[in-house]
Amino acid sequence: MASREAPPSPFKPDVLSGRVALVTGGGSGIGLEIVRQLGLHGAHVVISGRREAVLAEAVAALGAEGITAHYVQGDVRRYEDCERTVEGAVARFGRLDILVNCAAGNFLSPAEQLSSNGFRTVLEIDTLGTFNMCRAAFAPLKAAGAGAAGPAGTGPGALIINISMTLHYGATWWQAHASAAKAAVDSLTRSLGLEWGLYGIRTAGVAPGPIEGTAGMTKLAPGSDAAAAVTEMVNTSIPLGHMGRRWDIAQACVFLASPAAAFVTGHTLVVDGAEWLCKQPL
Ligand code: HXC
């Protein structure tokens, strides 16, 4: 299935100028496109992930596009890694305005075959990892959010974006672990939207549907007949008639980071072509 070309961005190229963004899982896939779009709109960007070679390659590619990028290797499951990542970002660029929690782990498994460690691993990466990063980034985000809350508050303030899913809106076959993990992430998005709004920190989620060319799609449709399986899914389950692009998710993040979303917090934005609403094959 041919990929659809991304159109020019509707946002001004300097809309995020002067802002510093940190994206976990930013070395590849959807995370890398989020980093790229934040960078192309003026932000300085820091990426983190477990694989140093992947991070180094991503920073080089971003640099070739004129984006000032930096990486810190780490595992979001370890709080000390999260602290080191945030410290590295602030040491490099002097501040932190935007945290995007994109690091995730997943695999298909029937619930009765899933080990406790398998369940725990996905919750630790997705849920605990998101909380760890939010906690580690709180002080610099609070500093960046100063002045955004209160009766005279101005500007978009600081921002956390949690990349979620739609799996848990109903229930999804062989995804008990990831569904539980992302339900908790969405709850955290609301809790921090409530509590940290006081500090001028907005918290939002983005829930992608099927996105072409991602690890998630490869895992969902493994094997030699993957392309046919994906085409069948698109034809029967996405009302808009096509899969999403990484660009679509990244542009949602640019919107949330822009002044246009200054009053949006605690909400998870679904970017899925209405896939999760489609209960019967089209
Ligand atoms: C059943 C599995 C399994 C599988 C791992 N486990 N893969 N169980 N089916 N396919 C179990 C292991 O047996 C082990 O339990 C436990 O999970 C931990 O596995 P490890 O390999 O030791 O963990 P780790 O090396 O930390 O790897 C984490 C991971 C891995 C989540 C398992 O896949 C990963 O790092 N993925 C990162 C990238 C990724 O998944 N991206 C997809 C996100 S996209 P025992 O009991 O044996 O010790 C996405 C979109 C939807 O989520 C995708 C739909 C599927």
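Some points to look at:
- Any hit, the range 203-222, residues being part of a strand (DSSP E or B), of a type in the set (Ser, Thr, Tyr), within 17 Å of the chain's Cα centre (by Cα) and under 18 Å from ALA171 (Cα atoms): no
- Counting only helices (runs of 4 or more DSSP H) that sit wholly inside the range 52-143, those with at least 1 residues that are within 11 Å of the ligand (Cβ to nearest atom), out of contact with any Ser or Thr (no Cβ under 9 Å at 6 or more places or on another chain) and modelled with pLDDT of 95 or more are 116-123.
- Unique residue being within 16 Å of the ligand (Cβ to nearest atom), assigned to a loop (DSSP other than H, G, I, E, B) and not β-branched (Val, Ile, Thr) when the list is HIS168, HIS242, HIS177: HIS168
- Of all residues in the range 158-193 being aliphatic (A, V, I, L, M) and under 15 Å from PRO110 (Cα atoms), the one that is surrounded by the most Cβ atoms within 10 Å (Cβ to Cβ): ALA178
- Selection count where residues are surrounded by 17 or more Cβ atoms within 10 Å (Cβ to Cβ) and closer than 18 Å to GLU5 by Cβ, scope the range 236-251: 9
- Note on the range 180-202: among residues that are part of a helix (DSSP H, G or I), in contact with a strand residue (DSSP E or B) (Cβ under 9 Å, 6 or more places away or on another chain) and among the aliphatic types (A, V, I, L, M), the one that is nearest to the ligand (Cβ to nearest atom) is VAL185.
- ALA215 being under 18 Å from GLY129 (Cβ atoms), touching a helix residue (DSSP H, G or I) at 6+ places or on another chain (Cβ under 6 Å) and at pLDDT below 95: yes
The values are calculated or read from the model by the stated rules, or taken from the named source; none is laboratory data. Remember, predicted model here, so these are calculated numbers, not experimental data. Positions of Cβ are generated from backbone atoms using ideal geometry, with glycine treated the same way; all protein chains shown enter the neighbour counts.
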